[in-house]
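A quick write-up on the structure given underneath.
The values are calculated or read from the model by the stated rules, or taken from the named source; none is laboratory data. All figures in this text were calculated on a predicted structure; none of them were measured in a lab. When we count neighbours, we look across all protein chains shown, and the Cβ atoms used for this are built from the backbone with ideal geometry, even at glycine. Only protein heavy atoms, including side chains, enter the accessible area calculation; ligands, DNA and RNA are left aside. Shrake-Rupley method; radii C 1.70, N 1.55, O 1.52, S 1.80 Å.
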Amino acid sequence: MKHAGAFEVVRADRAGMEVRSQIAEIFADGFSQWLTYFSKDRDVIAKAFAHMFVLDQFYVALAGDRVAAFGACTDCRSFALALQRAPLRRHLGWFKGTMAAIVLKKEFQKPFADPPAETGSVEFIGTALSFRGQGAASAVIRHMLDHLPYRTYLIEEVADTNIPAIRLYEKLGFTEYKRNSLSPRQARMSGIHHMVSLRLEKA
Ligand SMILES: CC(C)(COP(=O)(O)OP(=O)(O)OC[C@H]1O[C@@H](n2cnc3c(N)ncnc32)[C@H](O)[C@@H]1OP(=O)(O)O)[C@@H](O)C(=O)NCCC(=O)NCCS
């Protein structure tokens, strides 16, 4: 059942004390499948990565004092995440923590080669398991589209296997503008054939 009107969307740095750990828990539920090399324990993933969210780049859909969904929107120049070696090493161990800092920085803090003007980059959308399918992610992205000053919004590199995410973005009006193929070996290992990028021009 949809409760789209039930969510209040606010910038994460204005949402109160518990917000970072709640975002981290949702992140661990939604993104752990990419991080199993570093830990298979979802609670460890939540603790290890909680530090990295740059809260003034994030918006959260709140249901009372619970974070139902989160997402970031940057200006294509700043980063939504800031990985630090010390907390990663503390929770993942010295070696994996160091690897996470090196490898994931390249993934999570990837600069735009030629940052486009007046463009928002929508990144790291996630909904808590208990709030999935209730319009929470839609509420976060709609809030960005309604309140941020950009003319164009990009969502870069969504796995073609992530049907819920692609349907969500298309439902909100995003359309595919680019797809990058993975190598046959990467495709065999991950099941992903393309990384799809989507764009929305605000009327
Ligand atoms: C993708 C994700 C953020 C969707 O969040 P959500 O709050 O459940 O999405 P909404 O309720 O706002 O759904 C809006 C639309 O998205 C599509 N959608 C959402 N979940 C879907 C699913 N499981 N299967 C197919 N379509 C889905 C539907 O079109 C839906 O509209 P409808 O309910 O009227 O059919 C959530 O599944 C998630 O956190 N996934 C893990 C993290 C992730 O992959 N993030 C995206 C990285 S690019």
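Structure values in brief
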item: Matching residues, the range 26-36, being open to solvent by 20 Å² or more (accessible area, probe 1.4 Å) and either more than 16 Å from the ligand (Cβ to nearest atom) or assigned to a helix (DSSP H, G or I) (or both); result: ASP29, GLY30, PHE31, SER32, GLN33, TRP34
item: Residues located in the range 62-120, provided they are of a type in the set (Gly, Ala, Ser), surrounded by fewer than 17 Cβ atoms within 10 Å (Cβ to Cβ) and either more than 20 Å from GLY30 (Cα to Cα) or more than 18 Å from the chain's Cα centre (by Cα) (or both); result: GLY64, SER78, ALA86, GLY93, ALA113, ALA117
item: Where SER39 falls short, out of the listed (1) assigned to a loop (DSSP other than H, G, I, E, B); (2) open to solvent by 60 Å² or more (accessible area, probe 1.4 Å); result: (2)
item: Total residues in the range 158-194, condition under 17 Å from the mean Cα position of the chain (by Cα) and buried (at least 16 other Cβ atoms within 10 Å of the Cβ); result: 9
item: Conditions (1) β-branched (Val, Ile, Thr); (2) away from the ligand (no atom under 13 Å from the Cβ); (3) in contact with a strand residue (DSSP E or B) (Cβ under 7 Å, 6 or more places away or on another chain); number of the one not met by ILE23; result: (2)
item: Count of residues meeting criterion [under 21 Å from MET52 (Cα atoms) and either touching a Lys or Arg at 6+ places or on another chain (Cβ under 6 Å) or modelled with pLDDT of 95 or more (or both)] in the range 109-128; result: 9
item: Of all residues making up the range 125-149, the number that are more than 7 Å from the ligand (Cβ to nearest atom), open to solvent by less than 40 Å² (accessible area, probe 1.4 Å) and not aliphatic (A, V, I, L, M); result: 1
